[in-house]
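Report on one structure; see the data block that follows.
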Amino acid sequence: MADKRKSSTKDKWKEKAWYTIVAPSYFGEKEIGLSPGSNPKYMVNRTIAVPVSDFTGNFKKSSSMVIFKVDDVIGKKCSTVFTGHEMSGDTVRRMVRRRKERIDIITNIKTKDLYKIAVKLVLVADAKLTDTKRIEVRNTIVDYIVQKSSTMELGEFALYVIGDEVYNELVNSLKNVYPIRKIEIRKTEVLGKEAPEIVQHETEEPVSN
C-alpha cells in the first residue's frame, strides 16, 4: 500500500508544469515567482506577495509587501494585476512609542482610470492633539490623497504608494496644519473598477417647413 501511495504522489507531480509569474507592465514585467500547476485555469486568481524592496531597492521597506493576482495565462507565462500592498504589523508598531498619539485614517480613493482603492494610513504625533486639530489633520490628509490619486492611473498610483516620494509629500501637506513626521500608507486594497459614465446627447428635433 505504501508503494502505491508513493507512486500516486509522483504521478501527480509529473502532471504539473511550472509557470512563470510576472509583474504588470507598470512594474516592468519583472519575474516575481514560479508556481506549479496541473492546468492553466487553476493558475488564474492565485495571489503572490513580493517585498517592496524588490521594486524600489529600498531595503528599509523589505518587510512591506506588494500583492499581485494572476489574471491571465499564455503558455507557461502568468500575467498579473496589482491588488494592493501592506506594511508588516511590526513596522507599524515600531512607529508608535509611549506618550505618542497614533491616528489611523481609512478612506476610499478613485484613480484617473476609475479604479476604487481603499487606503489606510497611520500617523504618529509627538503630543496629544486637540479634537479640532485632529479633525483638521484627518481632513487635510484625506483631501490630499484623494486629489493626488485622481490624477493618476492605477499603475502610477501603485508605484507612488510604495515609493519614497509619497512620504515627503504627505509630510508637506500637513506643514501648515501640524508638524507630523511619522506618516505611512500602511495598506492599500483595490476594490474594483467603476464602469465609465455613458453620456447621452439629446438629438434636436427636425424643424418642420
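Worth pointing out:
- Modelled spin labels at R181 and D131, positioned 7 Å past Cα toward Cβ, are 3.0 nm from each other.
- Model label points for N45 and I106, set 7 angstrom from Cα along the Cα-to-Cβ axis, are 2.4 nm apart.
- In range of the label at E169: residues from the range 33-64 whose backbone nitrogen is under 20 Å from the point 7 Å along Cα→Cβ: 52-53, 55-58, 61
- Charge tally around E169: other residues with Cβ under 12 Å, Lys/Arg +1 each, Asp/Glu -1 each, net 0.
- Taking the accessible area of the chain, probe 1.4 Å, and keeping the other protein chains in place, the carbon and sulfur fraction comes to 49%.
- Which listed pairs, of K16/K120; K69/K128; K61/K116; K77/K182; K69/K100; K16/K193, have C-alpha distances above 30 Å, in listed order: K16/K120; K69/K128; K77/K182; K69/K100; K16/K193
- Taking 0.36 nm per residue of separation and subtracting the Cα-Cα distance, full extension of the segment from S38 to K77 would add 12.7 nm.
- Amide hydrogen proximity for G84: with H placed 1.01 Å from N in the peptide plane, the residues at 5 or more positions away or on another chain lying under 5 Å are I67, V190.
- Förster radius 41 Å - calculated FRET efficiency between K30 and D143, Cβ distance, rounded to 0.05: 0.75
- The alpha carbon gyration tensor of the chain gives principal lengths a ≥ b ≥ c with a/c of 1.5 or higher and a/b no greater than b/c, which makes the shape oblate.
The values are calculated or read from the model by the stated rules, or taken from the named source; none is laboratory data. What you see is a predicted model, and the numbers here were worked out from it, not measured in a lab. For neighbour counting, all protein chains shown are included, and Cβ atoms are generated from backbone atoms with ideal geometry for every residue, glycine included. When the accessible area is computed, the model is the full protein with side chains, heavy atoms only, and any ligands, DNA or RNA have been set aside. Shrake-Rupley method; radii C 1.70, N 1.55, O 1.52, S 1.80 Å.
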